[in-house]
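Engineer: After the structure tokens below, expect a handful of questions from me.
What follows is calculated from the coordinates using simple rules that are stated; it is not laboratory data. Owing to the predicted nature of the structure, the values given are computational and were not obtained by experimental measurement. Don't worry about glycine lacking a Cβ; one is built from the backbone with ideal geometry, like all the others, and counts go over all protein chains shown.
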Amino acid sequence: MLKERMRALMVGVVAAGSLAASVLMPTATANATTPADECAQAPSWSAGANYRAKDIVKYTDGSVYIAERDNPGYNPVVSTYYWDKYVCGTGTGNPKHNSFVVTEAQFNEMFPRRNPFYTYQGMVDAMRAFPKFANTGTDTMRKQEAAAFLANVGHETGGLYYIKEINEANYPLYCDRDQPYGCPAGQAAYYGRGPIQLSWNFNYKTVGDYLGKDLLNDPWLVEEDPEIAMMTGLWYWNTQDGPGPITGHDAMVSGAGFGQSVRSINGALECDGKGPQYVQSRVTRYERFTRILGVPTGPALYC
């Protein structure tokens, strides 16, 4: 296996039978009261301060944010899972944001045999950490991106059925001892999990740091928490290009097409004629999902 391929997510192929904490600082808690002029009186955000859900702060650029979850002073601009922009003067808290273009009924239609672990609410909650996902461009573009992501993860998991890699013989392979942090959860702890089959200790470390979750020491969270599981898939889709030139998100919002999203996930094993049956499986799902959402597929379906 090429080292650069190891650095990308090791993605399993269903047809082949291989699916593939931050310490709270002892500082004063921010004031959670919100008078009518809450934006004018909002305290400045302070790194390391203990914030509680619904606390309102003013960031260094003057923007106002509201905490969606308790957190130990995460940066509002970076940690969008924990913070959201606040609409001043509404007195109603968070603005409605990132409403999913896929309804729960459509989600259920797409995945009629899905494992109850993969919930619609888990998907919607996970999206808060990635506000650009299925929320960029026209309504058609947003629906195409949603369909593309769900088609790819549907392929990876047999229709959102498998939660973890089924080939247990692979489990000890995903520990890269060359990493300075090693494999504290155990040699065989970093097998594929979740909608995009997150694997390898360095991937658990990277996505855990991104989300503020200690997945390096507790990788089992990905198979225990539906929201965290879906966030790992969205993390890859939105931030990683894998063996491709661009991320899955960029492929769908730039007009590059669905085929480039496949390349970013498993192009080294499937694209350019290497695994046409697997590419076709992804394309067939994408075509069905776009029909459910009532939008065209767009160009360049294959890679």
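Engineer: How long is the gain from Ile166 to Ala53 if the chain were fully straight, where each residue apart is worth 0.36 nm and the alpha carbon distance is subtracted?
Structural biologist: Fully extending the segment from Ile166 to Ala53 adds 36.9 nm.
Engineer: Taking 0.36 nm per residue of sequence separation and subtracting the Cα-Cα distance, how much length would be gained by fully extending the chain between Thr140 and Tyr302, in nm to one decimal?
Structural biologist: Length difference between fully extended and current span is 56.4 nm.
Engineer: Could you list Phe111, Phe117 so that the one with the fewest beta carbons within 10 Å of its beta carbon is first and the one with the most is last?
Structural biologist: Going from least to most buried by this count: Phe117, Phe111.
Engineer: With Rg and the Kirkwood Rh both taken from Cα atoms, where does Rg over Rh land for the range 106-261?
Structural biologist: 0.97
Engineer: Further, regarding this structure: Would you work out the charge dipole size for the range 174-301 about its Cα centre, treating the Cβ of every Lys and Arg as +1 and the Cβ of every Asp and Glu as -1, and quote it to the nearest 20 debye?
Structural biologist: For this selection, approximately 480 debye.
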